[in-house]
Amino acid sequence: MSPELLARSGLGSLLDGATYRTGNPFAQWRRMREYAPVVWNEPDVFPGFWSLTRYDEINEVLRDGGTFSSSSGILLRPLAQGDDPGSDRTLALADAPRHTALRGAIAGWFAPRNLRMLGDFLDRTAQDTVRAAVAAGRTEFVTEIAARLPLDVVCAFLGIPDEDRPSIVEWSTDAFCAGTAGERSLAHLEILDYFAGLVEERRARPGDDLVSVLAGVRHEGELLPLDDVVLNCDNLLVGGTENVRLAMSGGLLALLEHPHQWALLQDDFDATVNTTIEEMLRWTSSATHLMRRATADVEIGGQRIRRGDLVVCWLPSANRDPGHFTDPDTFDVRRTPNRHLALGAGPHYCVGTQLAKLEIKAVLREFTAQVGEMALDGRPEHLDSIVVNGLRALPLRLTPAAPRD
Ligand code: HEM
């Protein structure tokens, strides 16, 4: 079989969640970057789409929100499931000018001044969570640490009352980490139902929180419909917790598997932490793909893409493109420059970027300060999904750091 045919015929494996649970999609992405970087995939379970695997073309598509629209959905869905219910309604699935209005309303919450005020809360929470894990001598890092910290922060942003948080924690844990797809979607429905009640409450009595802000957003003079506000709240909860959890846990596993890199971070935390976080983001690339729909005929990578065609961008592939990164398959906590696409690019560039980095930093700081040795306490388990990739479980054994003089 010719290398090009081999690259094309392996594309189907990228559409199977099991590939990310048990296998290694990087060999397939490597073949596609080399022999079929922009290639059409015929409709089957999923609609037909152009598959993009190289950094340059993916960067070009993500930056051009005019030619490549998000409003009909940004994730591949089986044809049988129909349109994405969030189409043209949530921030991530809106184009300008609706996108501009929504983003303008919530962006202030993620501004540096606001995030600085969060600093103490983040440091305290990370300190307490890691201290408890070290005292216990072991932790299931994904659920007990990587999921908890971002969830606490998003709940605070959304103004979720303290007494409701245990339910949100329980539903979120099930929605992201439960064994079966049925359990996951049931837990997700509980979350949507909860937000419907909360939004109605905040419409009646607005507070100083993000749910109240979203409940008061007007587009073309009209308040957003209740369902749209609920979907946006849900997107913030999911976006704000799921990817942070995956980047933090996948990044920690990478540090565990590369003891020399871990030692570099421990030896000089302040000088190394920022580049370490960027490398964790590049390495984990937890958002597996982003999709767009062409609004005009356009040429990408020598292929003619027609108006209406879907385009799928494989982010982990872009972030291992040797045309853009030196030694892309090496985990290097001092890598500079590191202009990865793990947080997207262009108009939809992740609005939670700085927050995510602060959260990861808080946990890394506590790990380097409090943990002497860490080792696996069982096999890490990977998620079975084509949407996000990373760890479902990371059992660790921890010993305390020697007291400093
Ligand atoms: C390591 C952590 C994170 C990763 C890897 C990540 C990844 C991404 C990516 C790839 C996009 C671009 C989507 C697109 O272009 O269609 C995005 C957008 C977004 N992210 Fe994040 N994200 C992270 C953390 C967060 C956090 C902490 C929040 C909020 C609390 C958040 C909320 C959002 C929202 C609301 C959008 C949509 C922005 C828009 O459409 O204008 N994310 N994220």
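Over the chain, give the accessible area per residue in Å² for a 1.4 Å probe, as an integer. Working shown, then result.
Details: 18210 Å² over 405 residues.
Heavy-atom accessible area per residue stands at 45 Å².
Can you compute the FRET efficiency between SER185 and SER13 using 1/(1 + (r/R0)^6), with r the Cβ-Cβ distance and R0 = 22 Å? Round to the nearest 0.05.
Details: r = 24 Å, r/R0 = 1.11.
Result of the calculation: an efficiency of 0.35.
Counting only DSSP beta bridges with both residues in the chain, what percent are antiparallel, rounded to the nearest 5?
On the way: 27 of 30 bridges.
Around 90 percent antiparallel, to the nearest 5.
What does the convex hull of the alpha-carbon atoms of the chain project to on average, in nm²?
Numbers: hull surface 81.1 nm².
Orientation-averaged projected area of the Cα hull: 20.3 nm².
May I ask for the distance between the Cα centers of segment 146-217 and segment 331-405, given as a whole number of Å?
Value for the Cα centre distance between the two parts: 23 Å.
Place a label point 7 angstrom from the Cα of SER72 along the Cα-to-Cβ direction, then list the residues of segment 38-55 whose backbone nitrogen is under 12 Å away.
Output list for this probe position: 47-50.
Just report the Cα centroid separation between segment 1-49 and segment 244-308, whole Å.
20
Considering the dipole of segment 3-400 built from charges on the beta carbon (Lys and Arg +1, Asp and Glu -1) around the Cα centre, which of ALA146, GLY250, PHE49 is farthest to its positive end?
PHE49
Using the Kyte-Doolittle scale, which helices in the chain average at least -1.0 and also have C-alpha atoms spread 30 Å or more along the helix axis, with helices defined as whole DSSP H runs?
Details: long enough: 112-136 (36 Å, -0.22); 181-204 (35 Å, -0.13); 226-257 (46 Å, 0.73).
Helices meeting the criterion: 112-136, 181-204, 226-257.
Considering the dipole of segment 3-400 built from charges on the beta carbon (Lys and Arg +1, Asp and Glu -1) around the Cα centre, which of LEU383, LEU186, THR272 is farthest to its positive end?
In segment 3-400, that residue is THR272.
On the protein heavy atoms, probe 1.4 angstrom, tell me the percent of accessible surface of the chain carried by carbon and sulfur. Mind showing how you got there, number by number?
On the way: 9140 of 18210 Å².
With neighbouring chains kept in place, the figure for the chain is 50 percent.
Counting other Cβ atoms within 10 Å, which trypsin sites (Lys or Arg not before Pro) in segment 325-405 have at most 14 and lie in a DSSP loop? Intermediate values should be presented prior to the final figure.
Working: sites: ARG334, ARG335, ARG339, LYS357, LYS361, ARG365, ARG392, ARG397, ARG404; in loops: ARG334, ARG335, ARG339, ARG404.
Those that pass, being in a loop and sparsely packed, are ARG334, ARG339, ARG404.
Could you calculate the contour length gain from ALA132 to ARG165, that is, 0.36 nm times the residue separation minus the distance between their Cα atoms, to one decimal place in nm? Provide the component values of the computation, followed by the final result.
Values: separation 33, 0.36 × 33 = 11.88 nm, distance 1.97 nm.
Taking ALA132 through ARG165 to full extension adds about 9.9 nm, to one decimal.
Could you sort 28-41, 220-233, 198-211 so that the peptide with the highest average Cβ count within 10 Å comes first and the rest follow in order? The partial results should precede the final answer.
Numbers: 28-41: 19.6, 220-233: 17.6, 198-211: 16.0.
Output ranking for 28-41, 220-233, 198-211: 28-41, 220-233, 198-211.
The values are calculated or read from the model by the stated rules, or taken from the named source; none is laboratory data. The structure presented is a predicted model; accordingly, all values stated were derived computationally and were not measured. Neighbour counts are summed over all protein chains in view; Cβ atoms, including those assigned to glycine, are modelled from backbone coordinates with ideal geometry. Side chains included, ligands, DNA and RNA excluded: accessible areas come from the protein's heavy atoms. Shrake-Rupley method; radii C 1.70, N 1.55, O 1.52, S 1.80 Å.
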